Amino acid sequence: MATTIFTGQHPLDLADYRLEAFPLVRLECPGQDNPHSHVQAVTGAVQAVLPSLSADLAIVQGDTSSALGGALAARLAGVPVAHVEAGLRSHDRRRPWPEEEFRIAIDAEAELLFAPTELSAINLRRERARGQIHVTGNTGMDSLVTLRSPTRPSRDVLPRLLVTCHRRENWGDGVEGVAVALRQIAAEDLASIDLVLHPNRQLAAQIRMMLQGEQAISFRRPCTHAEMIDAMLASDLILSDSGGMQEEAAALGVPLLVLRDRTERPEAIACGSIELVGTRPETVVRAVRRWLGSPPATASAMPFGDGRAGERIAEIVEGWLATRSGRWSRRSSEQVSAAYAIQSGGTRSTV
């Protein structure tokens, strides 16, 4: 049987992500300010449970410090690694940090590399990755196809702005710049603002403090994946530094301004409804005025998959295990259950 290792990086309810049905090992490895320390903690914790699992393959996916910790533990134990979301690159190790360097480290050692797009596969080939490269789409799109409503809800008179901001490179000056921009947007009465707080309590408290007293800004608790999709569909414009939300906004046809200077998902930018704006207040406010003042026509685009990535990954894993062991039957569900998934507690699904 497959076993899901839930690192506990974020304090999330597994039932919200339909993971509670799988055999589960819970680790107590909450996120840390130093992501390298978190990698070490996850590596040690996973090493402690590996002997009892007799795993043939480790499939790592999720927040990158958990994924890297799981991959390192598996390699130390001699267990082959498969990486979902392989090949995402901004080509700048500082942005996003530490995601860029952690993804590169995982991909350098993985036996199976599941790239969401052909561009991601090209990145892996250029790096001369030694593992098998497969373009599968992203499992995040599988979840989106399942969860999204067929129609967008009716709009309020005042445009609705959905905001998330949590990436480490934005901690400090970046978050402060976004807060200044939101105050200006509220002062100009450009939109009603829903700000989704991150599970990191320290970061959430900092954002609340910077925006306290702003009546036009509503704070929302951390959302389940389904709740976030509903919130995106109810919005006229999104401000976010999330990588996954770039994929989802493109698929939903909701315009999104990326609160970053670089992205590892340029395919989203190419769709026309996603724009890099960074975190300088004047740049953010100017872009919001432009997108809300004369909103361009946007359409759904799905460069990151068609909702069948999980099926493709399962079939590839199945065949890979069959080739290695010589005793597995093709397309048997028991083959895939021989793999186990190391999950960080993010919103992505696992095989």
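The values are calculated or read from the model by the stated rules, or taken from the named source; none is laboratory data. Note that this is a predicted model, so its numbers are computed, not measured. All Cβ positions, glycine included, derive from the backbone under ideal geometry; neighbour counts span all protein chains shown.
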If you scan region 252-269, which residues turn out to be more than 18 Å from Trp291 (Cα to Cα) and either under 16 Å from the mean Cα position of the chain (by Cα) or buried (at least 22 other Cβ atoms within 10 Å of the Cβ) (or both)? Arg262, Thr263, Glu264, Arg265, Pro266, Glu267
Go through the residues of region 144-152 one by one and say whether even a single one is crowded, with 20+ Cβ neighbours inside 10 Å, of a type outside the set (Lys, Arg) and out of contact with any Gly (no Cβ under 8 Å at 6 or more places or on another chain). no
In the set Leu190, Leu161, Leu182, which member is in a loop (DSSP other than H, G, I, E, B), touching a residue at least 24 places away in the same chain (Cβ under 8 Å) and either crowded, with 19+ Cβ neighbours inside 10 Å or of a type in the set (Val, Ile, Thr) (or both)? Leu190
List the residue pairs whose Cβ atoms are under 8 Å apart, where the first residue sits in region 61-76 and is of a type in the set (D, E, K, R), the second is assigned to a loop (DSSP other than H, G, I, E, B), and the two are 6 or more positions apart or on different chains. Asp63/Gln9; Asp63/His10; Asp63/Gly31; Asp63/Ser344; Asp63/Gly345; Asp63/Gly346
Could you tell me whether Gly213 is touching a Gly at 6+ places or on another chain (Cβ under 7 Å) and not polar (S, T, N, Q)? no
Count - residues of region 89-125 that are crowded, with 17+ Cβ neighbours inside 10 Å, at pLDDT below 95 and not charged (D, E, K, R): 2
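Give the residue that is farthest from Leu76 (Cα to Cα), with candidates limited to residues of region 100-147 that are hydroxyl-bearing (Ser, Thr, Tyr) and in contact with a Phe, Trp or Tyr (Cβ under 7 Å, 6 or more places away or on another chain).
Thr117
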For region 168-194: of the residues being of a type outside the set (Gly, Ala, Ser) and over 17 Å from Thr283 (Cβ atoms), which is nearest to the chain's Cα centre (by Cα)? Arg168
Taking the condition loosely packed, with under 14 Cβ neighbours inside 10 Å and among the small types (Gly, Ala, Ser), does Ala21 pass? yes
